[in-house]
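J.: Got a structure here, written out as C-alpha coordinates. Questions coming.
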Amino acid sequence: MIDEKFDRSESGLAGSGSRYLCTLCEATREDAMAKLGSFNITRTYKQTKQIADYMKINPDNLSQAKLDKISLGVKNAPILCADAIEKGIDSTHADINMASFFKKVIIREMAGVTMWEMKSDVKSLLFETENKFDRHIRMKTGINPALMVPGNYARTLFDIKNEEVVCALIEPLEGRHLMCEVLSKFRHLRTMYRAKSPMTEYAEDVKCYKQNAVEMGQFLRNHYP
(Lines give C-alpha, C1' and ligand atoms only; values in the text may rest on other atoms or scores of the structure.)
Protein backbone atom coordinates (compact mmCIF):
# COMPACT_ATOMS: atom_id res chain seq x y z
CA MET A 1 0.00 0.00 0.00
CA ILE A 2 2.96 2.32 -0.52
CA ASP A 3 2.81 4.76 -3.45
CA GLU A 4 1.79 2.68 -6.48
CA LYS A 5 4.19 4.18 -9.05
CA PHE A 6 7.18 3.84 -6.72
CA ASP A 7 6.14 0.31 -5.74
CA ARG A 8 5.81 -0.86 -9.34
CA SER A 9 9.11 0.75 -10.31
CA GLU A 10 10.88 -0.80 -7.33
CA SER A 11 9.33 -4.20 -7.97
CA GLY A 12 10.01 -4.34 -11.70
CA LEU A 13 6.41 -4.15 -12.87
CA ALA A 14 4.89 -2.35 -15.83
CA GLY A 15 3.68 1.16 -14.91
CA SER A 16 0.66 2.06 -12.81
CA GLY A 17 -2.52 1.17 -14.62
CA SER A 18 -1.12 -2.15 -15.88
CA ARG A 19 -3.62 -5.00 -15.77
CA TYR A 20 -1.09 -7.05 -13.75
CA LEU A 21 -1.19 -6.36 -10.05
CA CYS A 22 1.75 -8.02 -8.33
CA THR A 23 5.40 -8.98 -8.78
CA LEU A 24 5.00 -12.22 -6.86
CA CYS A 25 2.03 -13.70 -8.72
CA GLU A 26 0.34 -13.45 -12.10
CA ALA A 27 -2.90 -11.89 -10.89
CA THR A 28 -4.66 -9.37 -13.12
CA ARG A 29 -7.37 -6.81 -12.39
CA GLU A 30 -9.86 -9.19 -13.97
CA ASP A 31 -8.70 -11.93 -11.57
CA ALA A 32 -9.19 -9.56 -8.65
CA MET A 33 -12.85 -9.22 -9.55
CA ALA A 34 -13.43 -12.94 -10.11
CA LYS A 35 -11.18 -14.58 -7.50
CA LEU A 36 -11.45 -12.28 -4.52
CA GLY A 37 -9.06 -13.30 -1.74
CA SER A 38 -7.69 -16.42 -3.45
CA PHE A 39 -4.25 -15.16 -4.49
CA ASN A 40 -1.06 -17.03 -3.60
CA ILE A 41 2.63 -16.37 -4.30
CA THR A 42 3.45 -18.17 -7.56
CA ARG A 43 6.87 -16.75 -8.48
CA THR A 44 9.95 -15.49 -6.68
CA TYR A 45 11.98 -12.32 -7.08
CA LYS A 46 14.66 -14.48 -8.73
CA GLN A 47 12.16 -15.60 -11.40
CA THR A 48 11.02 -12.02 -11.86
CA LYS A 49 14.62 -10.95 -12.48
CA GLN A 50 15.11 -13.80 -14.99
CA ILE A 51 12.00 -12.68 -16.87
CA ALA A 52 13.21 -9.06 -16.83
CA ASP A 53 16.66 -10.06 -18.16
CA TYR A 54 15.07 -12.12 -20.93
CA MET A 55 12.81 -9.19 -21.90
CA LYS A 56 15.83 -6.89 -22.09
CA ILE A 57 17.90 -9.16 -24.36
CA ASN A 58 15.11 -10.95 -26.24
CA PRO A 59 17.50 -13.71 -27.42
CA ASP A 60 14.82 -15.48 -29.49
CA ASN A 61 13.72 -12.33 -31.35
CA LEU A 62 10.13 -12.70 -30.20
CA SER A 63 7.43 -10.24 -31.22
CA GLN A 64 6.22 -7.70 -28.66
CA ALA A 65 2.93 -9.61 -28.29
CA LYS A 66 4.81 -12.81 -27.38
CA LEU A 67 7.12 -10.94 -25.01
CA ASP A 68 4.09 -9.45 -23.26
CA LYS A 69 2.67 -12.94 -22.87
CA ILE A 70 5.90 -14.12 -21.23
CA SER A 71 6.41 -11.05 -19.06
CA LEU A 72 3.01 -11.08 -17.31
CA GLY A 73 3.50 -7.48 -16.26
CA VAL A 74 7.25 -7.62 -15.51
CA LYS A 75 9.12 -4.73 -17.11
CA ASN A 76 12.62 -4.27 -15.64
CA ALA A 77 14.85 -5.98 -13.12
CA PRO A 78 13.83 -4.81 -9.62
CA ILE A 79 15.95 -2.05 -8.13
CA LEU A 80 15.33 -3.40 -4.63
CA CYS A 81 14.09 -6.85 -3.65
CA ALA A 82 12.30 -6.04 -0.41
CA ASP A 83 9.99 -8.72 0.88
CA ALA A 84 6.43 -7.49 0.45
CA ILE A 85 5.64 -8.14 4.10
CA GLU A 86 8.44 -5.77 5.16
CA LYS A 87 7.16 -2.82 3.13
CA GLY A 88 5.90 0.04 5.21
CA ILE A 89 2.29 1.05 4.70
CA ASP A 90 1.65 4.59 3.57
CA SER A 91 -1.59 4.94 5.50
CA THR A 92 -2.32 8.41 4.10
CA HIS A 93 -2.31 7.14 0.50
CA ALA A 94 -4.42 4.17 1.57
CA ASP A 95 -6.92 6.54 3.22
CA ILE A 96 -7.07 8.79 0.15
CA ASN A 97 -7.61 5.86 -2.24
CA MET A 98 -10.29 4.25 -0.08
CA ALA A 99 -12.04 7.57 0.59
CA SER A 100 -12.18 8.23 -3.15
CA PHE A 101 -13.57 4.73 -3.70
CA PHE A 102 -16.27 4.98 -1.03
CA LYS A 103 -17.26 8.48 -2.12
CA LYS A 104 -17.89 7.11 -5.63
CA VAL A 105 -20.01 4.29 -4.20
CA ILE A 106 -22.02 6.71 -2.02
CA ILE A 107 -22.66 9.07 -4.93
CA ARG A 108 -23.84 6.22 -7.15
CA GLU A 109 -26.15 5.01 -4.38
CA MET A 110 -27.59 8.52 -4.01
CA ALA A 111 -28.05 8.85 -7.77
CA GLY A 112 -29.45 5.33 -8.22
CA VAL A 113 -26.70 4.53 -10.75
CA THR A 114 -25.41 0.94 -10.79
CA MET A 115 -22.53 1.40 -13.25
CA TRP A 116 -19.02 2.36 -12.12
CA GLU A 117 -17.94 4.12 -15.32
CA MET A 118 -18.97 7.74 -15.75
CA LYS A 119 -20.57 7.30 -19.19
CA SER A 120 -22.16 10.19 -21.05
CA ASP A 121 -25.73 9.20 -20.18
CA VAL A 122 -25.09 9.42 -16.40
CA LYS A 123 -22.23 11.94 -16.29
CA SER A 124 -24.36 15.03 -15.60
CA LEU A 125 -26.43 13.16 -12.98
CA LEU A 126 -23.29 12.01 -11.13
CA PHE A 127 -21.75 15.52 -11.21
CA GLU A 128 -24.99 17.00 -9.87
CA THR A 129 -25.18 14.35 -7.14
CA GLU A 130 -21.53 14.89 -6.16
CA ASN A 131 -22.12 18.63 -5.82
CA LYS A 132 -25.13 17.90 -3.61
CA PHE A 133 -23.04 15.55 -1.45
CA ASP A 134 -20.17 18.06 -1.18
CA ARG A 135 -22.56 20.87 -0.14
CA HIS A 136 -24.09 18.57 2.50
CA ILE A 137 -20.68 17.59 3.92
CA ARG A 138 -19.56 21.25 3.96
CA MET A 139 -22.73 22.38 5.74
CA LYS A 140 -22.67 19.60 8.35
CA THR A 141 -18.92 19.32 9.06
CA GLY A 142 -17.51 22.68 7.95
CA ILE A 143 -15.09 20.91 5.60
CA ASN A 144 -15.10 21.61 1.88
CA PRO A 145 -14.47 18.34 -0.03
CA ALA A 146 -13.66 20.27 -3.22
CA LEU A 147 -10.86 22.35 -1.69
CA MET A 148 -9.36 20.58 1.28
CA VAL A 149 -6.37 18.26 1.50
CA PRO A 150 -7.53 14.79 0.39
CA GLY A 151 -6.04 13.13 3.47
CA ASN A 152 -8.17 15.37 5.71
CA TYR A 153 -11.25 14.51 3.67
CA ALA A 154 -10.51 10.81 4.08
CA ARG A 155 -10.16 11.14 7.84
CA THR A 156 -13.48 13.01 7.95
CA LEU A 157 -15.22 10.36 5.87
CA PHE A 158 -14.00 7.49 8.05
CA ASP A 159 -14.50 9.16 11.44
CA ILE A 160 -17.28 7.25 13.22
CA LYS A 161 -18.78 10.47 14.57
CA ASN A 162 -19.48 11.57 10.95
CA GLU A 163 -21.02 8.27 9.84
CA GLU A 164 -24.65 9.49 9.99
CA VAL A 165 -23.75 12.69 8.12
CA VAL A 166 -21.86 10.82 5.39
CA CYS A 167 -24.71 8.35 4.79
CA ALA A 168 -27.65 10.72 5.44
CA LEU A 169 -28.52 11.35 1.76
CA ILE A 170 -28.71 7.68 0.78
CA GLU A 171 -32.26 6.44 0.24
CA PRO A 172 -33.98 4.18 1.17
CA LEU A 173 -33.12 3.68 4.84
CA GLU A 174 -31.96 0.10 4.17
CA GLY A 175 -29.33 1.42 1.76
CA ARG A 176 -28.13 3.82 4.43
CA HIS A 177 -27.74 0.99 6.93
CA LEU A 178 -25.81 -1.11 4.39
CA MET A 179 -23.37 1.76 3.75
CA CYS A 180 -22.88 2.27 7.50
CA GLU A 181 -22.16 -1.45 7.83
CA VAL A 182 -19.52 -1.56 5.09
CA LEU A 183 -17.86 1.61 6.42
CA SER A 184 -17.76 -0.05 9.84
CA LYS A 185 -16.05 -3.11 8.31
CA PHE A 186 -13.48 -0.88 6.65
CA ARG A 187 -12.95 1.19 9.79
CA HIS A 188 -11.94 -2.01 11.60
CA LEU A 189 -9.28 -2.74 8.94
CA ARG A 190 -8.16 0.88 8.94
CA THR A 191 -7.51 0.80 12.69
CA MET A 192 -4.86 -1.83 12.09
CA TYR A 193 -3.09 -0.32 9.08
CA ARG A 194 -2.90 3.05 10.83
CA ALA A 195 -1.48 1.54 14.02
CA LYS A 196 2.21 2.16 14.77
CA SER A 197 2.72 -1.43 15.92
CA PRO A 198 -0.20 -3.51 14.66
CA MET A 199 1.47 -6.83 15.52
CA THR A 200 1.73 -5.66 19.13
CA GLU A 201 -1.48 -3.67 19.49
CA TYR A 202 -3.82 -5.90 17.45
CA ALA A 203 -2.07 -9.27 17.24
CA GLU A 204 -5.28 -11.35 17.02
CA ASP A 205 -6.95 -8.98 14.54
CA VAL A 206 -3.88 -9.02 12.29
CA LYS A 207 -4.20 -12.81 11.97
CA CYS A 208 -7.73 -12.33 10.56
CA TYR A 209 -6.88 -9.25 8.48
CA LYS A 210 -7.04 -10.93 5.07
CA GLN A 211 -10.19 -12.84 5.97
CA ASN A 212 -11.89 -9.62 7.15
CA ALA A 213 -10.76 -7.74 4.03
CA VAL A 214 -12.15 -10.50 1.78
CA GLU A 215 -15.44 -10.47 3.70
CA MET A 216 -15.69 -6.71 3.16
CA GLY A 217 -14.99 -7.23 -0.56
CA GLN A 218 -17.69 -9.90 -0.79
CA PHE A 219 -20.11 -7.61 1.03
CA LEU A 220 -19.43 -4.86 -1.52
CA ARG A 221 -19.89 -7.25 -4.44
CA ASN A 222 -23.14 -8.60 -3.04
CA HIS A 223 -24.78 -5.25 -2.26
CA TYR A 224 -23.25 -2.85 -4.81
CA PRO A 225 -23.44 -4.38 -8.30
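The values are calculated or read from the model by the stated rules, or taken from the named source; none is laboratory data. A quick note: this is a predicted structure, and the numbers were derived from the prediction, not measured. As a convention, Cβ positions derive from the backbone with ideal geometry for all residues, glycine included, and neighbour counts pool all protein chains shown.
J.: Have a look at 123, 104, 161 and point out the one that is over 28 Å from residue 188 (Cβ atoms) and out of contact with any Pro (no Cβ under 7 Å at 6 or more places or on another chain).
T.: On inspection, the qualifying residue turns out to be 123.
J.: Tell me, which helices (runs of 4 or more DSSP H) lie completely within the range 164-225 with 2 or more residues that are in contact (Cβ under 8 Å) with a residue 24 or more places away in the chain and basic (Lys, Arg)?
T.: Fully inside the range 164-225 and qualifying: 173-193, 209-223.
J.: Still on this structure, please answer the following. Quick one: in the range 182-207, which of the residues that are of a type in the set (Gly, Ala, Ser) and over 20 Å from residue 109 (Cβ atoms) is surrounded by the fewest Cβ atoms within 10 Å (Cβ to Cβ)?
T.: Checking each candidate, the answer is 197.
J.: Quick one: would you say residue 46 is over 30 Å from residue 116 (Cβ atoms), in the same structural domain as residue 68 (by TED's automatic domain parsing) and either at pLDDT below 85 or in a loop (DSSP other than H, G, I, E, B) (or both)?
T.: yes
J.: Just one of 137, 107 is closer than 30 Å to residue 35 by Cα, in a helix (DSSP H, G or I) and of a type in the set (A, V, I, L, M); which is it?
T.: Step by step, each of 137, 107 is checked, and only 107 is closer than 30 Å to residue 35 by Cα, in a helix (DSSP H, G or I) and of a type in the set (A, V, I, L, M).
J.: OK, next. Can you say whether residue 71 is more than 20 Å from residue 94 (Cβ to Cβ) and crowded, with 17+ Cβ neighbours inside 10 Å, as far as the supplied structure shows?
T.: Spelling it out, residue 71 is indeed more than 20 Å from residue 94 (Cβ to Cβ) and crowded, with 17+ Cβ neighbours inside 10 Å.
J.: Return the pairs, sorted by first residue and then second, in which the second residue is modelled with pLDDT of 90 or more and surrounded by 10 or more Cβ atoms within 10 Å (Cβ to Cβ), the first residue lies in the range 50-69 and is closer than 20 Å to residue 28 by Cα and of a type in the set (D, E, K, R), the beta carbons are less than 9 Å apart, and the residues are 6+ apart or on different chains.
T.: Partner pairs satisfying both residue conditions: 69/62.
J.: Kindly check whether there is at least one residue in the range 141-153 that is part of a helix (DSSP H, G or I), at pLDDT below 90 and more than 21 Å from the chain's Cα centre (by Cα).
T.: yes
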